[in-house]
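Engineer: Dumping the structure here so I can ask a few things about it.
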Amino acid sequence: MLLNILNIVAPVFLVIGAGYLYLRSGWFADSLVDGLMKYAIQLAVPCLLFRATSTLDLASAFNWQIISSFYLAASLSFFAACLVVWKWFRRNPEESVAIGFAALFSNSVLLGLPISERAWGVDNLSEVYAIISLHAPFCYLLGITLMEIIRSDGRRWPETARIVVAAMFSNSLMIGIGLGFAVNLSGFAVPQIVTSAVDIISASALPVALFGLGGVLARYHFASELKLVAMVSLFSLVVHPALALLFCHLLQADLTHARTAVLLAAMAPGINSYLFASMYRQGQGVAASTVLLGTGVSVLSVSVWLWLLSGS
C-alpha cells in the first residue's frame, strides 16, 4: 500500500522540486514563472476542468450523507484554520482567509482520484466523482464569499453579493466548470476537433502548474513560516478527515461509503490553494509551502488513514 501511494505522490513532489531547483539554479528566469502560472490558471486548468465536468456521468449516485459529511468537515476545518491564523499567528483577516483556504481545498483530483481507485477499485468511484464535481465550485464560492465579506468595508449586502457573483463568474476556473456543466446538461455534442484541441491543452495543465509552483516556492523562505505551514497542513491532513469521519458517523452513513469522504478529505492541499492566494495576492508563500509540505507528509498521513479505514 505504501509503495502504491509513493508511486502516486512522489512524481508530483518531484515535478514541484524540479521547478524549485530550476529557478534556484538560475537555469530558469524568474519572470518566466509568472508566465507559466498565468497560462496554467487562465487557460490550461480551466480546459482540464471543462473536459472533466462536460463528460461527468451526472446520473451517478449522489449520496447526501457522504457529500454533506465531506463539505461540512471542509467548511469547519476552513473556518477553524482561518481563526487560528488570525488570532494565534496575528495575520490580517484577508491573509488569514487566503492561508486558511488550504485547509478547505484538498487535492481531490491529482491525489484523491488515483489513490481512491487503487484503494477501492475502479468500479467503486461514483461517490468520488460526485464529490469532485462539486469541489471547486463549493470551495471557491465559500472562500470568495468570506473574503469579499471581510473586504466589504461597510458595503451593504446586495453590493457585497454582487461582488461575490462577479468574482465567481469572472474566475477562469469557475468559467471552465460552468461551461462543462452546461455542455453536460444540454447534451450538446462538442465537435471532436475542438475536444481534441482542448485535450492537448488539458494535458499540460498539471505539469505546468506543478512546475510553476516549484518556481514560486523558490522565491520564499520556507523555514521562516514553518510553524504556520505545519499548522495549516495539520488541519488539511488530520482535522479535515477526522471531522469527515465524525460527520459520517453522526449522519449514519454506511461505512463502506463513508471511507470515500474520509480518504478524499485526507488529501494534501491542492494547487488551487496557491491559486486562490494568488487571486488576492495574500499569503502566497505560506500557501505554496503548505502545498509542498502537505504533499510530502501525505505519503505517511494517507497511509495511516488508509490503514485505519481498512481496519474499520
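Engineer: So, in the stretch 77-96, how many residues would count as being among the aromatic types (Phe, Trp, Tyr) and not in a helix (DSSP H, G or I)?
Structural biologist: So the answer is 2.
Engineer: Considering every residue within the stretch 247-259, establish whether at least one is of a type in the set (Val, Ile, Thr) and buried (at least 24 other Cβ atoms within 10 Å of the Cβ). Walk me through how you get there before you give the answer.
Structural biologist: Filtering the stretch 247-259 for residues of a type in the set (Val, Ile, Thr) gives 256.
Right, trim to buried (at least 24 other Cβ atoms within 10 Å of the Cβ) and you get none.
Checking the stretch 247-259: not a single residue is of a type in the set (Val, Ile, Thr) and buried (at least 24 other Cβ atoms within 10 Å of the Cβ).
Engineer: Let me ask something else about it. Just to check your reading of the model, which residue among Leu246, Leu213, Leu206 is over 22 Å from Tyr22 (Cβ atoms) and either part of a helix (DSSP H, G or I) or in contact with a Ser or Thr (Cβ under 8 Å, 6 or more places away or on another chain) (or both)?
Structural biologist: Working: Leu213 fails: over 22 Å from Tyr22 (Cβ atoms); Leu206 fails: over 22 Å from Tyr22 (Cβ atoms).
When all the criteria are applied, what remains is Leu246.
Engineer: Also, quick follow-up: Which ones in the stretch 274-297 are touching a strand residue (DSSP E or B) at 6+ places or on another chain (Cβ under 9 Å) and of a type in the set (Gly, Ala, Ser)?
Structural biologist: Ala287, Gly294
Engineer: Examine the stretch 85-104 for a residue that is under 22 Å from Leu309 (Cβ atoms) and out of contact with any Ser or Thr (no Cβ under 8 Å at 6 or more places or on another chain), and state whether such a residue exists.
Structural biologist: no
Engineer: Of Val286, Val302, Val297, which residue is under 24 Å from Met174 (Cα atoms), more than 14 Å from the chain's Cα centre (by Cα) and touching a residue at least 60 places away in the same chain (Cβ under 8 Å)?
Structural biologist: Step by step, each of Val286, Val302, Val297 is checked, and only Val286 is under 24 Å from Met174 (Cα atoms), more than 14 Å from the chain's Cα centre (by Cα) and touching a residue at least 60 places away in the same chain (Cβ under 8 Å).
Engineer: Which residue out of Ala268, Ala258 is touching a Cys at 6+ places or on another chain (Cβ under 6 Å) and more than 15 Å from Gly100 (Cβ to Cβ)?
Structural biologist: Ala258
Engineer: Then there's this: Just give me the residues in the stretch 263-283 being part of a loop (DSSP other than H, G, I, E, B) and surrounded by 24 or more Cβ atoms within 10 Å (Cβ to Cβ), in sequence order.
Structural biologist: Selection gives Ala266, Met267, Ala268, Gly270, Ile271, Gly283.
Engineer: May I pose another question? Name the single residue, out of those in the stretch 122-178 being among the polar types (S, T, N, Q), at pLDDT 70 or above and not in a loop (DSSP other than H, G, I, E, B), that is surrounded by the fewest Cβ atoms within 10 Å (Cβ to Cβ).
Structural biologist: Looking only at the stretch 122-178, we keep the residues that are among the polar types (S, T, N, Q), and these are 124, 126, 133, 145, 152, 160, 170-172.
Next, only the ones that are at pLDDT 70 or above stay: 124, 126, 133, 145, 170-172.
Now restrict to residues that are not in a loop (DSSP other than H, G, I, E, B): 124, 126, 133, 145, 170, 172.
Values: Asn124: 15, Ser126: 15, Ser133: 23, Thr145: 17, Ser170: 9, Ser172: 16.
Among them, the one singled out is Ser170.
Engineer: Also, quick follow-up: Tally time: how many residues in the stretch 46-93 are modelled with pLDDT of 95 or more and crowded, with 23+ Cβ neighbours inside 10 Å?
Structural biologist: 9
Engineer: Would you point out which residue out of Phe28, Phe62 is touching a residue at least 12 places away in the same chain (Cβ under 8 Å), in a loop (DSSP other than H, G, I, E, B) and in contact with an Asp or Glu (Cβ under 9 Å, 6 or more places away or on another chain)?
Structural biologist: Just a single option satisfies the conditions, and that option is Phe62.
Engineer: Condition check: part of a helix (DSSP H, G or I), within 20 Å of the chain's Cα centre (by Cα) and without any contact (Cβ under 8 Å) to a residue 24 or more places away in the chain. Does Leu234 satisfy that?
Structural biologist: Spelling it out, Leu234 is indeed part of a helix (DSSP H, G or I), within 20 Å of the chain's Cα centre (by Cα) and without any contact (Cβ under 8 Å) to a residue 24 or more places away in the chain.
Engineer: Answer yes if at least one residue in the stretch 259-271 is closer than 21 Å to Pro137 by Cα and more than 16 Å from the chain's Cα centre (by Cα), and no otherwise. Spell out the reasoning first.
Structural biologist: Just the residues of the stretch 259-271 that are closer than 21 Å to Pro137 by Cα, to begin with: 260-271.
Imposing the further condition that a residue be more than 16 Å from the chain's Cα centre (by Cα) reduces the set to 260.
Yes, there is a match, as at least one residue in the stretch 259-271 is closer than 21 Å to Pro137 by Cα and more than 16 Å from the chain's Cα centre (by Cα).
Engineer: Another question, if that's okay. For the list (1) buried (at least 22 other Cβ atoms within 10 Å of the Cβ); (2) in contact with a Gly (Cβ under 8 Å, 6 or more places away or on another chain); (3) farther than 30 Å from Asn124 by Cβ, I need the number of the one condition that Val286 fails.
Structural biologist: Checking Val286 against (1) buried (at least 22 other Cβ atoms within 10 Å of the Cβ); (2) in contact with a Gly (Cβ under 8 Å, 6 or more places away or on another chain); (3) farther than 30 Å from Asn124 by Cβ, the one that fails is (2).
Engineer: Something else now. Being touching a residue at least 40 places away in the same chain (Cβ under 8 Å), closer than 15 Å to Met147 by Cβ and in contact with an Asp or Glu (Cβ under 8 Å, 6 or more places away or on another chain) narrows it down to one of Val85, Val97, so name that one.
Structural biologist: Val85
Engineer: Another question, if that's okay. What's the number of the only condition in (1) outside any helix (DSSP H, G or I); (2) within 17 Å of Leu308 (Cα to Cα); (3) among the polar types (S, T, N, Q) that Thr260 fails to meet?
Structural biologist: (1)
The values are calculated or read from the model by the stated rules, or taken from the named source; none is laboratory data. Please read these numbers as outputs of a predicted model, since none were measured by experiment. Cβ atoms come from the backbone with ideal geometry, glycine included; neighbour counts cover every protein chain shown.
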